[in-house]
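Data first, discussion second: the structure below is written as structure tokens.
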Amino acid sequence: MDSSISSGGAHGAGVALYRVMVRIRAFENAAETASQGGVSAYGQQAAGAAKVRGPLHLSTGQEAVPAGVCAHLRASDYLTSTHRGHGHTLAKGADLARMMCELFGKATGFNGGKGGSMHIADFSVGMLGANGVVAAGLPIAVGAAHAQKLLNKGDDITVCFFGDGAINRGPFLEALNWARVYELPVLFVCEDNRWSATTASGPMTAGEGASARAESLGIASTQVDGNDVFAVHAAAARLVAEVRAGGGPRLLHALTYRVKGHVSVDVAAYRDPAELAAALETDPIARARGHLLSAGVAAATLDAIENAARDEVDTALAVADAAPWPEPAAAFTDVQTVGEGQWR
Ligand SMILES: Cc1ncc(C[n+]2csc(CCOP(=O)(O)OP(=O)(O)O)c2C)c(N)n1
């Protein structure tokens, strides 16, 4: 670990990474609670008092990856996400309360309450969208990076998050191939949380996985402990710099773990409890806290960050609760129309 980062450095970089992770965790915890009682295991709405309805994919335990990567990005850089995108969105700088409004289905959400958890986008910070279709963010990212190159957008880059399950779908190969052929400014980030819904990814993946497949196309890749935010930060610093410098695409393969079930009330009965227990021992927030404390950061500083995150999320819950529902007519806006613009 870079000691200047772990100790907070001159600019408090380590503490800033901690804050990003803690805000993501607080958001996920609150969203999980707000979703309870309203959905069945696979997202069908059931009767209940849940404020957040529909499928909810939590990134609890994976916070170090978006925190470490997005620390190197600016608003003009683009990002594409997955169905598990709250952490990416927050780390890219999107407003936390507006995201809660979107999850609540309120008019003040990023997408007017019509997108929900899996369709969040905030173009104002370069967040091009979460995505319910596995691997579908990859070609979008490559298209965005190609546009950056064609439009001479300086040294702006695109970052593309995807899961280990996505590498077994065709768009992964197509996207990496296109990015390499045109030497596009894109950083692919595989969040390898070991599971693809109810299936363990390992036995379903031939060869050595994301890094090896990228290398086979001539795309340099780096594997990193995705639960060590300082390691992710250091690896991403190098890769982002290389992509910004015009070096073409790179891939970061981050090994992490999906702590919660795949979606909402999935209790993940298909996995060995011992596996979860072992993974919890490597919790990225607890580890970062330990590193920061031993580097001399005061416990009170970290406690204050945690309290502030809880307060911010509580405020967001109240804001979302009080916010108006979309007008019924809004169902007919922002949708594709056919022919003369009439809804069909
Ligand atoms: C094309 C497609 N196939 C299947 C699904 C159903 N599905 C949703 S998430 C998921 C698992 C994805 O695993 P991974 O890419 O590793 O992401 P993770 O959920 O682990 O974050 C599956 C199979 C889907 N949404 N899209």
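Anything in segment 200-217 that is closer than 20 Å to G137 by Cβ, within 22 Å of the chain's Cα centre (by Cα) and either surrounded by fewer than 16 Cβ atoms within 10 Å (Cβ to Cβ) or within 13 Å of the ligand (Cβ to nearest atom) (or both)? List them, or say none.
S201, G209, A210
Which residues, taken from segment 73-104, are surrounded by fewer than 24 Cβ atoms within 10 Å (Cβ to Cβ) and either within 16 Å of the ligand (Cβ to nearest atom) or polar (S, T, N, Q) (or both)?
S76, H83
For a quick check of your reading of the model, give me the residue pairs whose first member lies in segment 190-202 and is over 19 Å from P171 (Cα atoms) and of a type outside the set (F, W, Y), whose second is assigned to a strand (DSSP E or B) and within 6 Å of the ligand (Cβ to nearest atom), with beta-carbon atoms closer than 8 Å and at least 6 apart or on different chains.
These pairs meet every condition: N193/G163.
Quick check on G246: is it part of a loop (DSSP other than H, G, I, E, B), away from the ligand (no atom under 12 Å from the Cβ) and out of contact with any helix residue (DSSP H, G or I) (no Cβ under 7 Å at 6 or more places or on another chain)?
yes
Does L128 satisfy the condition of being touching a strand residue (DSSP E or B) at 6+ places or on another chain (Cβ under 6 Å) and not in a loop (DSSP other than H, G, I, E, B)?
Yes.
Can you find even one residue in segment 187-199 that is within 16 Å of the ligand (Cβ to nearest atom), surrounded by fewer than 22 Cβ atoms within 10 Å (Cβ to Cβ) and charged (D, E, K, R)?
Scanning segment 187-199, I find at least one residue that is within 16 Å of the ligand (Cβ to nearest atom), surrounded by fewer than 22 Cβ atoms within 10 Å (Cβ to Cβ) and charged (D, E, K, R), so the answer is yes.
Going by what's in this entry, would A145 be described as surrounded by 21 or more Cβ atoms within 10 Å (Cβ to Cβ), over 25 Å from K260 (Cβ atoms) and not acidic (D, E)?
yes
Provide a single number: the residues in segment 153-169 that are within 12 Å of the ligand (Cβ to nearest atom) and under 16 Å from G248 (Cβ atoms).
So the count comes out to 0.
I want to confirm something. Restricting to segment 281-321 and keeping residues that are among the β-branched types (V, I, T) and farther than 30 Å from T108 by Cα, which single residue is surrounded by the most Cβ atoms within 10 Å (Cβ to Cβ)?
First, pick out the residues of segment 281-321 that are among the β-branched types (V, I, T): 282, 285, 297, 301, 305, 313, 315, 319.
After this cut, where a residue has to be farther than 30 Å from T108 by Cα as well, the list is 282, 285, 297, 301.
On the way: T282: 17, I285: 21, V297: 19, T301: 14.
If we take residues in segment 281-321 being among the β-branched types (V, I, T) and farther than 30 Å from T108 by Cα, then I285 is surrounded by the most Cβ atoms within 10 Å (Cβ to Cβ).
So is T333 more than 16 Å from the ligand (Cβ to nearest atom), of a type in the set (S, T, Y) and at pLDDT 95 or above or not? Lay out the reasoning, then the answer.
Working: more than 16 Å from the ligand (Cβ to nearest atom): yes; of a type in the set (S, T, Y): yes; at pLDDT 95 or above: no.
Against the criterion (more than 16 Å from the ligand (Cβ to nearest atom), of a type in the set (S, T, Y) and at pLDDT 95 or above), T333 does not qualify.
Can A141 be described as in contact with a Lys or Arg (Cβ under 7 Å, 6 or more places away or on another chain), within 16 Å of the ligand (Cβ to nearest atom) and touching a residue at least 24 places away in the same chain (Cβ under 8 Å)?
No: the conditions fail for A141.
Could you list, in sequence order, all residues of segment 112-133 that are surrounded by 20 or more Cβ atoms within 10 Å (Cβ to Cβ) and either within 13 Å of the ligand (Cβ to nearest atom) or touching a residue at least 60 places away in the same chain (Cβ under 8 Å) (or both)?
Scanning segment 112-133 gives G113, G116, S117, M118, A130, N131.
The values are calculated or read from the model by the stated rules, or taken from the named source; none is laboratory data. Every value quoted in this text rests on a predicted model; they were computed, and no experiment measured them. When we count neighbours, we look across all protein chains shown, and the Cβ atoms used for this are built from the backbone with ideal geometry, even at glycine.
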